[in-house]
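Since the structure comes first, as structure tokens, the remarks are kept for the end.
The values are calculated or read from the model by the stated rules, or taken from the named source; none is laboratory data. For clarity, every value in this text was computed on a predicted model and none was experimentally measured. Cβ coordinates were reconstructed from backbone atoms using ideal geometry, including for glycine residues, and neighbour counts include every protein chain displayed. Note: accessible area is taken over every heavy atom of the protein model, side chains too, but ligands, DNA and RNA are not part of it. Shrake-Rupley method; radii C 1.70, N 1.55, O 1.52, S 1.80 Å.
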Amino acid sequence: ASLPSGHLNVFEESQIVDRLVRWEAQMIRYRDEYYPSLPAQAAAQFMGLNRGQVTVVVAGGVQLGEQAFVPTDERGWTLINYYGGAGSFPIEPATNFLPEALPQTDLRDKLVFIGVTAAGTADFLATPFAE
């Protein structure tokens, strides 16, 4: 058994000439099914919801149990609120997650994303805060 995952795709808007990422696709359609985004699924897991409690409302949004509804436009997209530029969210080095370091790092009741941030290791997307 595994936890449900979500899609992590970025779609360009052809009419935007500056090529900055401003929208998140909260759902995508693949064949005859709709799939929520990875952020929506992460929020659902954080809230303790199971697969049956995450519902895609076509051209409306993503329902996360009874606790939250993420409204979308007709494409299933939402405008991203960046909450500020670089440094708005704390970044912890991977060594803080080794067993001997965990008592020093208080992550209770926190949603944590783990990823690579080193330059040259991944494609970075241009946002209104950084290109």
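Extension gain, T55-V10: 0.36 nm per intervening residue step, less the Cα-Cα distance, totals 14.1 nm.
Between R108 and S88, the simple label model (points 7 Å from Cα in the Cβ direction) yields a spacing of 2.9 nm. Charged neighbours of P4, selected by a Cβ distance under 13 Å, balance to 0 (K, R count +1; D, E count -1). Note on exposure: E100, E13 ranked by accessible area (1.4 Å probe, complete protein assembly) read E100, E13, with the most exposed listed first. Eigen-decomposition of the gyration tensor built on the alpha-carbon atoms of segment 15-78 gives equivalent ellipsoid semi-axes of 23, 13, 10 angstrom, largest listed first. Tell me which label goes with the value of Kirkwood radius over Cα pairs in Å computed from the coordinates here: (i) 15.6; (ii) 14.9; (iii) 17.0. Computed from these coordinates, Kirkwood radius over Cα pairs in Å corresponds to label (iii).
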